[in-house]
1. Starting from the Cα of ASN117, step 7 Å along the direction of its Cβ; do the same at THR43; then give the gap between the two resulting points in nm.
2. For LEU119, what accessible surface area do you get with a 1.4 Å probe? Give it in Å², rounded to 10.
3. Is the stretch 142-234 best put as rounded, prolate or oblate by its Cα gyration tensor, with a ≥ b ≥ c the root eigenvalues, rounded for a/c under 1.5, and otherwise prolate when a/b is larger than b/c, oblate when not?
4. What do you reckon, how do LEU16, LEU370, LEU187 stack up by accessible area (1.4 Å probe), largest on top?
5. How far apart, in nanometres, would the label points at GLU321 and LEU16 be if each is projected 7 angstrom from Cα along the Cα-to-Cβ direction?
6. Once the piece of chain linking SER124 and ASN81 is laid out straight, how much longer is it, given 0.36 nm per residue of separation minus the C-alpha distance between them?
7. Multiply the residue separation of ALA26 and ALA239 by 0.36 nm, subtract the distance between their alpha-carbon atoms, and state the gained length in nm to one decimal.
8. I'd like to know how the chain sits against the 2.2 N^0.38 Å rule of thumb: what's its Cα Rg over that expected value?
Amino acid sequence: MTRKDPLARKKPSTALRMILMLIGVAVVFGGVFIVKGGFSAKTNEFFDNMPQPAAAVTDWTAKQQEWIDAQQAVGTFVAINGTEVTTEAGGVVRSLSIDVGKPVKAGTVLAQLNTANELAVLKSLEASSRLASVQRDRWQALARDKLVSQAEAEERSTVAATSLAQVEAQRALIAQKTIRAPFDGVLGIRKVNLGQYLNPGDPIVSLQSLDPIYLDFALPEQRVGQVLPGAKIRATVDALPGRVFEGEVTAVEPQVDPATRNFKVQATLANGEYNLRPGAFAHVGFDTGDARKVVVVPQTAISFNPYGNAVYVIQEVQRAEGEKDMQGNALTGKKLIVRQRFVKTGATRGDLIAVTEGLKPGERVATSGLLKLRNDAEVTINNKVQPVTEAQPKPENR
């Protein structure tokens, strides 16, 4: 019989070996995580305390200016009198007297339609009218002598009047075939030719009265009462850069359009040189109040946000003890920092914008590099390249 060696060790069970392995793994991974956590904490502490380089910005000192409230709108020029000259009666064009693009006076003959048949009918009607007039006079004389009844005399008078009316109607028909300018104006391009048959209503030529000329534009309902007849307006057109045309408001629509909440305004402008043409687009400017003092800054200084507009105000402060630069050198003295401040903005004029609340004249604001700024960030001023800050900018036409 085999005897067991008393010195032989008993092998650990599988469960015990698994527990020992898990403990070992936990110790190893725990140490790794502890080391990594300590390293991350030190890294975050280093970056949190690492000195940030100063951001280069341009600055501008807020100024107080006197502005007159002005409004801008867009409008369309409309002829005081403008139409497509047409004919009331049909016929064949016999002659044309249209000087394309030239001014004409009211009553000038522009076209003549064939009236041969109408003239022949007119002669017949005139002969019948003369005969009816003679018979009327004869029967009236007989009626005075009691040789015919008064009713017969009145019947002859009616026939004579009817004949005369037919003559006048025929003359009116002939006159309709002589097309004349209905008012003073400038002719456009003719749309008919000699020998062409015209139906009633067919256009012959455009006629536009250009001096003076209307300018129609629309304003929001908030401006009701601010624009009254007699107010001065200024108009510019893209076709004539640099020229300003002045006029005055002559009519204001009393009704506000419920669809757009706008009301129409009409101004009248002198146009002796015919530079302004009906249908042309115009920029309209006009003053709506007296001069008032406002604080202005460049529009580039405003950070426009859905939750409110803000500026970065530049301030000079004393450095804190222990401040160091990127190389670890100690810094002393004063520095420039920016602090975000919410403001209320108003009207704009060119590159400038009015700040109605939140900023005082003389305060310095950053005008570029706003995206890289934050509260209390250090900045340096570099005004070698300044944003444009003009109330009436005139960009180059390239």
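1. For ASN117 paired with THR43, the spin-label model returns 10.3 nm.
2. Rounded to the nearest 10, that gives 80 Å².
3. Here the stretch 142-234 falls in the oblate category.
4. Order by accessible area, largest first: LEU16, LEU370, LEU187.
5. 6.3
6. 11.5 nm
7. Details: separation 213, 0.36 × 213 = 76.68 nm, distance 8.24 nm.
Taking ALA26 through ALA239 to full extension adds about 68.4 nm, to one decimal.
8. Relative to the rule-of-thumb radius for its length, the chain sits at 2.17.
The values are calculated or read from the model by the stated rules, or taken from the named source; none is laboratory data. Being a predicted model, the structure only gives us computed values, none of them experimental. Counting neighbours? That spans all protein chains shown, and the Cβs are built from the backbone with ideal geometry, glycine included. For accessibility, only protein heavy atoms count, side chains too; no ligands or nucleic acids. Shrake-Rupley method; radii C 1.70, N 1.55, O 1.52, S 1.80 Å.
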